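Read the figures in this text as sums done on the coordinates, not as results from a lab. Quick caveat: nothing in here was measured; it's all calculated off a predicted structure. In this analysis, Cβ positions are derived from the backbone assuming ideal geometry, glycine residues included, and neighbour counts consider all displayed protein chains.
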Ligand code: FES
């Protein structure tokens, strides 16, 4: 076993530069944090969550894929500002839904269908196994559109750690 482990270590050490080159595209693809323009602010109803796809180019060291859906976020308009939350549940990564209200407009917070984690309209965890609140994202208004600083975070941990 020690011989096999040693041989593996030698192989990895010998492949160092080429291995790093081979992994470069993966590292470039995983890097998150980018401003992505989404819907028009005027198309968001005050206080009513709306799920939007985050669509942008996906780049790595050698290729660019145009118009790829990178994920989705929940947007909630608050006057001229917009709250944004990752749609990924911080527990184990299922997709959270907006909770319907009697007027069928939403605004009742968010819930995860997998293990019943629940979050209030501000994204704060209210029950269930999620180790933290929904992951809030920064937003800004650009030419009447909502831009989101799209990022991904580690699931299953208390701290909001970017991946
Ligand atoms: S993945 Fe959402 S509660 Fe488990």
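Of all residues in the stretch 47-77, those satisfying the criterion of being over 17 Å from the mean Cα position of the chain (by Cα) and touching a residue at least 40 places away in the same chain (Cβ under 8 Å) are 47, 48. Taking the stretch 53-163 and the strands (runs of 3 or more DSSP E) fully enclosed by it, the elements with 2 or more residues that are more than 12 Å from the ligand (Cβ to nearest atom) and more than 14 Å from residue 38 (Cβ to Cβ) are at 64-78.
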